[in-house]
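So the structure is just underneath, and the comments pick up after that.
Throughout, read-outs are computed from the coordinates displayed, never taken from laboratory work. Being a predicted model, the structure only gives us computed values, none of them experimental. A quick note on method: Cβ atoms are made from the backbone with ideal geometry, for glycine too, and the neighbour counts reach across all protein chains shown.
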Amino acid sequence: MNHHVLQHLHPEQVEVEIWRADELEVRHGLSSELDEMWSYVHSKANPRWLWHAIDHHTGKVLAYVFGRRQDTVFLALKALLEPFGITRYFTDGWGAYERHVETEKHTVGKANTQKIESKHITWRTRSTRWVRRTLCCAKTERRHDVVMGFFINRSALGRLLGDGSNSSATPSRLLRARGHVWQGEG
């Protein structure tokens with residue numbers, strides 16, 4: 001607060017607004033960090049991308065989709081974000097963002113995407129499926145998306161797949177229980 005300026009102002013010249021933080025966020029609109037994270041299915045020749053968005057202030061995951069690094073996949077993510085009423089997008093400047101996010105709502109640069117980049121590092125550390133070919137490497141896109149979706153739901157959203165009554169549920173167990181059969185995988 002600038003006390004020197006306040007000494008020379010008359011009370012009728014000063015307007016004070018007091019807002020709760022959550023109400024101020026609604027008033028100013030939600031800001032979001034968007035990014036994509038690379039992995040692969042079966043081999044590096046078949047890349048699979050996680051496109052996701054987090055709340056810029058809290059770091060909570062808002063939405064995510066899996067697919068190729070193409071505009072159509074980003075547009076699917078953007079459609080999932082519509083109900084949030086996001087007024088500011090922070091990205092790394094990938095072409096899909098440049099083409100499909102309004103310029104006045106878009107800020108490019110690493111300075112405002114630190115939370116989402118940090119989340120990538122955490123996820124890569126916690127799950128080797130993101131980075132290297134191991135025995136746990138998915139061999140189908142469906143299996144990859146289910147297992148990684150399970151991981152995101154569990155770690156970032158704090159939710160289990162299924163009804164939540166079985167804490168030992170794994171993607172394989174849940175899908176087998178629902179009658180899904182894997183082709184070419186154990």
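Observations on the structure shown:
- Size of the stretch 26-77 as Cα extents on the principal axes (Å, biggest first): 46, 20, 11
- Label separation (Gln7 vs Lys60): 4.5 nm, computed from points 7 Å beyond Cα along the C-beta direction.
- Amide hydrogen proximity for Asn46: with H placed 1.01 Å from N in the peptide plane, the residues at 5 or more positions away or on another chain lying under 5 Å are Val41.
- Legend: calculated FRET efficiency, Asp92 to Val14, from the Cβ-Cβ distance at R0 = 41 Å, rounded to 0.05, equals 0.50.
- Linear extension gain, Arg68 paired with Glu82, 0.36 nm per residue minus alpha-carbon span: 2.9 nm
- Each of Arg142 and Glu117 was given a label point 7 Å from its Cα along the Cα-to-Cβ line. The distance between the two points is 3.8 nm.
- Shape call, the stretch 52-106: gyration tensor on alpha carbons, a/c limit 1.5: oblate
- In sequence order, calculated HN-Hα J values of the stretch 61-68 (Karplus, 6.51, -1.76, 1.60; Hz; x Gly/Pro): 5, 8, 6, 8, 9, 10, x, 7
- Vicinal HN-Hα couplings computed from phi for the stretch 81-88 (Karplus, 6.51 cos²θ - 1.76 cosθ + 1.60; Hz; Gly/Pro x): 7, 3, x, 6, x, 5, 9, 9
- A full extension of the chain between Arg124 and Asn153 corresponds to an added length of 8.9 nm, given 0.36 nm per residue minus the alpha carbon distance.
- Amide proton proximity set for His56, modelled H, under 5 Å, gap of 5+: Ser31, Ser32, Glu33
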